[in-house]
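Down below is the structure, laid out as structure tokens.
The values are calculated or read from the model by the stated rules, or taken from the named source; none is laboratory data. From a predicted model like this one, the values you see are computed outputs, not experimental measurements. In this analysis, Cβ positions are derived from the backbone assuming ideal geometry, glycine residues included, and neighbour counts consider all displayed protein chains. These area figures cover heavy atoms from the full protein model, side chains too; ligands, DNA and RNA do not enter into them. Shrake-Rupley method; radii C 1.70, N 1.55, O 1.52, S 1.80 Å.
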Amino acid sequence: MDIVLSLIGLIVLFPLFLLIAILIMLDDGWPFFFKQNRLGKDAVPFPMYKFRTMCRNAEQILAENPEIHERVKAGLKVEDDPRLLKFGKLLRKTSLDELPQLLNVLLGHMSLVGPRPILPLELDTRGDAAELYFRMKPGCAGLWQCEGRSDTDYETRVRLDEEYYWFTSTRRDIVVLWKTFVAVITGKGAQ
């Protein structure tokens, strides 16, 4: 199901991929993808793809702005973030920046539904639940995305991921995909 649906999604959404890539390159040049190492099933690292929403010198801007750096470090939202591309905020709010993760699904790194793939530096924050994250493939959509996204606190996010692990089913995956689609369309919990 993952391979077939991701392949269909990539084919159907190709014109949108092309448009977003062109807009990013016109605004800030190459590359149009942002690649970040995440941990997948069995703690195997893989490159997770997204459309780039920040300028190429985002790290330099962060280093030059201690106030923004502290907010980012604390995991807080940065209003009017100077690192964002002209339409980076729109890509994030609509979750269009996440579309390249269909490539990760096609490559077998991710599933359409599952917990968000974690960063290696987040490993310590998962506590006893860390082991559960490595028993299944991470997903593009999950309970966290359809239950509030960025409005959900970290403890609730981990609890939802644990719940998904213990009560997973194809029927539930279909419900999660639908609820995530609705949350994205309505912008509920988007940054």
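Quick check, is Pro115 under 22 Å from Leu160 (Cβ atoms) and part of a loop (DSSP other than H, G, I, E, B)?
yes
Name the pairs whose Cβ atoms lie under 6 Å apart, with the first residue in the stretch 155-183 and under 18 Å from Leu5 (Cα atoms), the second of a type outside the set (A, V, I, L, M, F, W, C), and 6 or more positions between them or separate chains?
That search, which allows pairs on different chains as well, returns Thr180/Gln145.
Results for (1) buried (at least 19 other Cβ atoms within 10 Å of the Cβ); (2) at pLDDT 85 or above, shown as yes or no for each residue.
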{"residue": "Gly75", "(1), (2)": "no, no"}
{"residue": "Thr94", "(1), (2)": "no, yes"}
{"residue": "Leu102", "(1), (2)": "yes, yes"}
{"residue": "Leu106", "(1), (2)": "no, yes"}
{"residue": "Ser111", "(1), (2)": "yes, yes"}
{"residue": "Leu123", "(1), (2)": "no, no"}
{"residue": "Gly127", "(1), (2)": "no, no"}
{"residue": "Gly139", "(1), (2)": "yes, yes"}
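Checking Leu39 against (1) modelled with pLDDT of 90 or more; (2) open to solvent by 40 Å² or more (accessible area, probe 1.4 Å), which single condition isn't satisfied?
Every condition holds for Leu39 apart from (2).
Here's the yes/no breakdown for (1) closer than 22 Å to Met110 by Cα; (2) free of Cβ contacts under 8 Å to residues at least 12 places away in the same chain:
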{"site": "Leu16", "(1), (2)": "yes, no"}
{"site": "Ile22", "(1), (2)": "no, yes"}
{"site": "Phe33", "(1), (2)": "yes, no"}
{"site": "Gly40", "(1), (2)": "yes, no"}
{"site": "Arg52", "(1), (2)": "yes, no"}
{"site": "Arg56", "(1), (2)": "no, no"}
{"site": "Gln60", "(1), (2)": "no, yes"}
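Farther than 30 Å from Glu131 by Cβ and at pLDDT below 95, is that true of Pro31?
yes
How many of the residues making up the stretch 2-32 are exposed (fewer than 14 other Cβ atoms within 10 Å of the Cβ) and either among the β-branched types (Val, Ile, Thr) or in a strand (DSSP E or B) (or both)?
From the stretch 2-32, those exposed (fewer than 14 other Cβ atoms within 10 Å of the Cβ) are 3-4, 7-8, 11-12, 14-16, 18-19, 22, 25-26, 29-31; that's our starting set.
Retained after the next criterion (residues that are either among the β-branched types (Val, Ile, Thr) or in a strand (DSSP E or B) (or both)): 3-4, 8, 11-12, 22.
Matching residues across the stretch 2-32 total 6.
Answer yes if at least one residue in the stretch 33-55 is β-branched (Val, Ile, Thr) and part of a helix (DSSP H, G or I), and no otherwise. Step through it out loud before you land on a result.
Step one: filter the stretch 33-55 for residues β-branched (Val, Ile, Thr), giving 44, 53.
With the extra rule that they be part of a helix (DSSP H, G or I), the set shrinks to none.
No; the residues of the stretch 33-55 include none that is β-branched (Val, Ile, Thr) and part of a helix (DSSP H, G or I).
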